[in-house]
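J.: Sending over a structure as structure tokens; questions will come in a sec.
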Ligand SMILES: Cc1cc2nc3c(=O)[nH]c(=O)nc-3n(C[C@H](O)[C@H](O)[C@H](O)COP(=O)(O)OP(=O)(O)OC[C@H]3O[C@@H](n4cnc5c(N)ncnc54)[C@H](O)[C@@H]3O)c2cc1C
């Protein structure tokens, strides 16, 4: 039976979209089509969905707001699990629970109104809480791993809370890349006046004004130890290099902009950058972006 019918039969109330175009739901704006996208409305229904997909061996991929992914071209006979309807946000003192589908902007304004500081550094990063936790998103000063106390997930078919130490956070990585969904995150902030939070957020947002405009995935490569990946790419003279509609930004060489190209153009450009940087410097760049599916 086709995937849509199997999902509809098992979950009559689940929001489904078929087919689902990756290009419309990713910041890079490229990629092929997936058979079905499913958007559960709660942590529990998401856990049931993930358990079903795992038990039935149905291929699936998790998608936040699509700000750090490069979707493959072509048809994907599987399911995109979306978290956009899971937007529960609650606070007790400085402790915050945020569902995986809460956007960075919603989290920041919720915390600002309640005088919960510690999140301003994330201001302006396009993300969902689920994607932010999975990627350990952040800037130099602060990453998600600094504010996460625990994460609600599904392990061996059961809902489980992982303590921060169990999440294996590292540079742009976490245990959630091993097929575990982030259903929601327990975060901890610090007391701060709304005015001070607004001032800090403004500082971090302003700092981002110099970033390239256009369709991108943010930084493509992780900075190697002690070096900026963007500076390395620039030193190799690769700013402005193009493959089809994909181009290395003139403003920040760690950004690839999509000017009407495909994921294959972007992939080819990534390969050329890696080869050239390695040839000239001996440094092998590691990708920060995630390829899906
Ligand atoms: C213009 C621009 C600027 C950026 N600046 C920054 C920056 O300053 N700092 C930074 O860290 N990043 C930056 N990024 C990258 C991106 O914003 C972050 O990586 C963000 O965390 C991605 O969140 P997302 O919801 O879009 O995740 P997606 O891109 O949708 O997914 C990213 C990865 O997480 C997985 N995932 C998503 N949701 C879940 C979930 N609920 N459970 C399990 N896995 C999940 C996906 O399968 C994928 O592997 C930037 C991107 C852009 C386009």
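J.: In the range 61-100, what residues are touching a strand residue (DSSP E or B) at 6+ places or on another chain (Cβ under 6 Å) and closer than 27 Å to residue 191 by Cβ?
T.: 87, 88, 89, 90, 94, 95, 96, 97, 98, 99, 100
J.: Only one of (1) out of contact with any helix residue (DSSP H, G or I) (no Cβ under 6 Å at 6 or more places or on another chain); (2) more than 25 Å from residue 44 (Cα to Cα); (3) within 8 Å of the ligand (Cβ to nearest atom) is not met by residue 113, so which one is it?
T.: Only one criterion in (1) out of contact with any helix residue (DSSP H, G or I) (no Cβ under 6 Å at 6 or more places or on another chain); (2) more than 25 Å from residue 44 (Cα to Cα); (3) within 8 Å of the ligand (Cβ to nearest atom) is unmet by residue 113, namely (3).
J.: Look through the range 142-168, keep the residues that are outside any strand (DSSP E or B) and away from the ligand (no atom under 12 Å from the Cβ), and return whichever of them is nearest to residue 111 (Cα to Cα).
T.: By that ranking, first place goes to 147.
J.: Further question on the same structure: Filter the range 224-250 for residues that are assigned to a loop (DSSP other than H, G, I, E, B), under 23 Å from the mean Cα position of the chain (by Cα) and in contact (Cβ under 8 Å) with a residue 24 or more places away in the chain and give the result.
T.: 224, 228, 249
J.: Report yes if residue 70 is surrounded by fewer than 21 Cβ atoms within 10 Å (Cβ to Cβ), in contact with a helix residue (DSSP H, G or I) (Cβ under 6 Å, 6 or more places away or on another chain) and more than 19 Å from residue 18 (Cβ to Cβ), otherwise no.
T.: no
J.: Are any of the residues in the range 86-100 farther than 26 Å from residue 47 by Cβ and either more than 10 Å from the ligand (Cβ to nearest atom) or not assigned by TED's automatic domain parsing to the domain that holds residue 200 (or both)?
T.: Within the range 86-100, one or more residues are farther than 26 Å from residue 47 by Cβ and either more than 10 Å from the ligand (Cβ to nearest atom) or not assigned by TED's automatic domain parsing to the domain that holds residue 200 (or both).
J.: If you go through the range 121-132 one residue at a time, how many are near the ligand (Cβ under 7 Å from one of its atoms) and part of a helix (DSSP H, G or I)?
T.: Qualifying residue count, the range 121-132: 3.
J.: A further question follows. Show the residue pairs meeting these rules: Cβ distance below 7 Å; 6+ apart or different chains; first residue within the range 118-131 and in contact (Cβ under 8 Å) with a residue 60 or more places away in the chain and under 19 Å from residue 200 (Cβ atoms); second residue part of a loop (DSSP other than H, G, I, E, B) and more than 6 Å from the ligand (Cβ to nearest atom).
T.: These pairs meet every condition: 118/147; 118/189; 119/147; 119/189; 121/141.
J.: Please work out if residue 278 is more than 23 Å from the chain's Cα centre (by Cα), outside the structural domain of residue 64 (by TED's automatic domain parsing) and modelled with pLDDT of 95 or more.
T.: So residue 278 passes the test.
J.: So residue 139 fits all but one of (1) surrounded by fewer than 16 Cβ atoms within 10 Å (Cβ to Cβ); (2) more than 15 Å from the ligand (Cβ to nearest atom); what number is the exception?
T.: It fails just one condition, (2).
J.: In addition: List, please: which pairs have Cβ atoms under 6 Å, are six or more places apart or on different chains, and start with a residue in the range 201-223 that is more than 7 Å from the ligand (Cβ to nearest atom) and end with one that is at pLDDT below 95?
T.: 222/171; 222/172
J.: Determine whether the range 101-108 contains at least one residue that is part of a strand (DSSP E or B), assigned by TED's automatic domain parsing to the domain that holds residue 135 and modelled with pLDDT of 95 or more.
T.: The answer is yes; a qualifying residue exists.
The values are calculated or read from the model by the stated rules, or taken from the named source; none is laboratory data. Because the structure is a prediction, the values reported are computed rather than measured. Don't worry about glycine lacking a Cβ; one is built from the backbone with ideal geometry, like all the others, and counts go over all protein chains shown.
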